[in-house]
Amino acid sequence: MGLVGSMSPEQLKLFDSQGFIVMESFAGAEEIDGMRQRMDELLEGFDCSTASVFSSKNQKQLTDNHFYESADKISFFFEEKAFDDDGHLKQPKQLSINKVGHALHEHDPVFKRFAQSEAISRLLVSLQYKRPVIIQSMYIFKQPGIGGEVVPHQDNSFLYTEPPSCTGLWLALEDANITNGCLWAIPGSHKNGLVRRFIRDDKGVHFDNPSPSYDRADFVAVEVKAGSLVVIHGDLIHQSFENQSSKSRHALSFHVVDTDGYVWSLDNWLRRKVDPEPLYVS
């Protein structure tokens, strides 16, 4: 393989301690502009009638085929508050989308190039991945005024392997701060293990346990500049609040799992027709 890890011992120690780390200037302005421009093109071309609504608060509703089939497609999801009482969009579709997922990294050349970059692979080498795959990707808009809350959660709940191996890679495409809905996390919470899982069965999708209650005072804001990458342990408790500001907060999110000595759970919501190709094999 020949790849060398890019994280310093100090960075790895910090990641192990708090369960997340911010890698500043991970992506350059040209890369960011390219991905944002490409998303503008995808939004311009998509048919509103083919999208559904996404809400992290009511994920039991996510049982339609559009959600399930998005596992290996480029699919569009609206914000809950994008529609009026008659079911019409309140504003242009470009300002109404919650996210695009979940296989941008495979089907679009611009996002695929970034996903398969040496920078991503070297980061994963540092985290000791042997045969990593990006299991899902999402372009998240956090729209001005209507950008929905993402409730406290752990990524391993949704993308479970045995043993757990998920890491989130969250790239800020715009500055993210407490005003426009940045990430918040409980440092060190990953050391308490996985709290619950999000299961798909013949009844649809549901959690196997109720959500614990969390003290807001335990969370710290993860404010970052555009181009920063937040690396998130799969068991870290993290969230984001509604964006009530006049500025969007675009981000690109990848979730990575290992496939060398790890088994993808068959009762995950995400079920692909074809297994993803590894970024590298070591």
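When restricted to residues that are touching a residue at least 40 places away in the same chain (Cβ under 8 Å), part of a helix (DSSP H, G or I) and among the hydrophobic types (A, V, I, L, M, F, W, C), the range 1-44 contains 8.
Looking only at residues of the range 184-197 that are over 20 Å from Asn268 (Cβ atoms) and in a loop (DSSP other than H, G, I, E, B), we find that the one that is most open to solvent (accessible area, probe 1.4 Å) is Pro187.
Quickly run through the range 78-122 and pick out the residues that are assigned to a strand (DSSP E or B) and charged (D, E, K, R). Residue satisfying the conditions is Lys99 alone.
Yes/no per residue for (1) of a type in the set (Asp, Glu); (2) out of contact with any Lys or Arg (no Cβ under 8 Å at 6 or more places or on another chain); (3) within 25 Å of Ile21 (Cα to Cα):
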| residue | (1), (2), (3) |
| --- | --- |
| Pro210 | no, no, no |
| Asp215 | yes, yes, yes |
| Arg249 | no, no, yes |
| Gly261 | no, no, no |
| Arg271 | no, no, no |
| Pro276 | no, yes, no |
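Val256: in a strand (DSSP E or B), out of contact with any Pro (no Cβ under 6 Å at 6 or more places or on another chain), β-branched (Val, Ile, Thr) and touching a residue at least 12 places away in the same chain (Cβ under 8 Å), yes or no? Considered against the rule, which asks whether it is in a strand (DSSP E or B), out of contact with any Pro (no Cβ under 6 Å at 6 or more places or on another chain), β-branched (Val, Ile, Thr) and touching a residue at least 12 places away in the same chain (Cβ under 8 Å), Val256 comes out as no.
Of all the numbered requirements in (1) in contact with a helix residue (DSSP H, G or I) (Cβ under 7 Å, 6 or more places away or on another chain); (2) under 29 Å from Gln128 (Cα atoms); (3) of a type outside the set (A, V, I, L, M), His206 misses one, and that requirement is (2). The set of residues in the range 254-278 being crowded, with 17+ Cβ neighbours inside 10 Å, aliphatic (A, V, I, L, M) and more than 20 Å from Lys73 (Cβ to Cβ) is empty. Counting only residues that are at negative phi and in contact with a Pro (Cβ under 8 Å, 6 or more places away or on another chain), the range 7-33 holds 3 of them. Taking the numbered list (1) surrounded by 18 or more Cβ atoms within 10 Å (Cβ to Cβ); (2) charged (D, E, K, R); (3) in a loop (DSSP other than H, G, I, E, B) in turn, Arg200 passes all entries but (3). Note on the range 230-253: residues that are of a type outside the set (Val, Ile, Thr), in a strand (DSSP E or B) and surrounded by 23 or more Cβ atoms within 10 Å (Cβ to Cβ) total 6. Exactly one residue out of Gln91, Gln128 is open to solvent by 10 Å² or more (accessible area, probe 1.4 Å), touching a helix residue (DSSP H, G or I) at 6+ places or on another chain (Cβ under 8 Å) and more than 16 Å from Ala27 (Cβ to Cβ): that is Gln91. Among residues of the range 72-84 that are under 11 Å from Asn98 (Cα atoms) and free of Cβ contacts under 8 Å to residues at least 40 places away in the same chain, those with a Cβ under 9 angstrom from a residue that is open to solvent by 20 Å² or more (accessible area, probe 1.4 Å) and among the basic types (Lys, Arg), sequence gap 6+ or separate chain, pair up as Phe76/Lys93; Phe78/Lys93.
The values are calculated or read from the model by the stated rules, or taken from the named source; none is laboratory data. Predicted, not measured: the structure shown is a model, and the values here were computed from it. Cβ atoms come from the backbone with ideal geometry, glycine included; neighbour counts cover every protein chain shown. Ligands, DNA and RNA are stripped out before the accessible areas are found, and what is left, the full protein with its side chains, is counted by its heavy atoms. Shrake-Rupley method; radii C 1.70, N 1.55, O 1.52, S 1.80 Å.
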